[in-house]
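Below: the structure, in structure tokens.
The values are calculated or read from the model by the stated rules, or taken from the named source; none is laboratory data. None of the values given here were measured: they were computed from a predicted structure. Cβ placement follows ideal geometry from the backbone for every residue including glycine, while neighbour counts extend to all protein chains displayed.
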Amino acid sequence: MLALLELIYRGDNVDGEYSARMLEILKKQQVTGRLQLYLPEEITVAHKTGDLDLLEHDVGIMHLPQCTCILCVLTHRTLSNKEGREIIGKIAKLVYDSYSAP
């Protein structure tokens, strides 16, 4: 998933116009309670989520103040889906904090 998102972000796999369109679609993801759960509202994330019972996933391109990074978090066998979403959110916040530190 990381490699695919990197290809889309860089525009290396398909025409740049199509890559830009894919990014716009990913930015319009309506399910935002995972990677973005603990991030400041102004952080843009182009991402795709997935879930089943006791399984939550979110992969995305996070546009942070210092850089752009690609993050993939897949959970499995959590106690609840809510716990899975919180784990994803906490990992994204750790990444945000580490890149935002002076």
Any residue at all in region 7-22 that is surrounded by 15 or more Cβ atoms within 10 Å (Cβ to Cβ), touching a Lys or Arg at 6+ places or on another chain (Cβ under 9 Å) and not in a helix (DSSP H, G or I)? no
Taking region 28-76 and keeping residues outside any strand (DSSP E or B) and among the polar types (S, T, N, Q) leaves GLN29, GLN30, THR32, GLN36, GLN66, THR75
If we keep only residues of region 8-48 that are of a type in the set (D, E, K, R) and more than 23 Å from ILE91 (Cα to Cα), then the residue nearest to the chain's Cα centre (by Cα) is GLU24
Please verify whether GLY60 is in contact with a Gly (Cβ under 9 Å, 6 or more places away or on another chain) and in contact (Cβ under 8 Å) with a residue 40 or more places away in the chain, treating the condition exactly as stated. no
The correct count of residues that are modelled with pLDDT under 95 and among the basic types (Lys, Arg) in region 1-28 is 1
query = Are any of the residues in region 19-38 closer than 21 Å to SER100 by Cα and among the hydrophobic types (A, V, I, L, M, F, W, C)?
reply = yes
Of the residues in region 49-75, those that are under 15 Å from LYS93 (Cβ atoms) and of a type in the set (A, V, I, L, M) come to MET62, LEU64, LEU71, VAL73
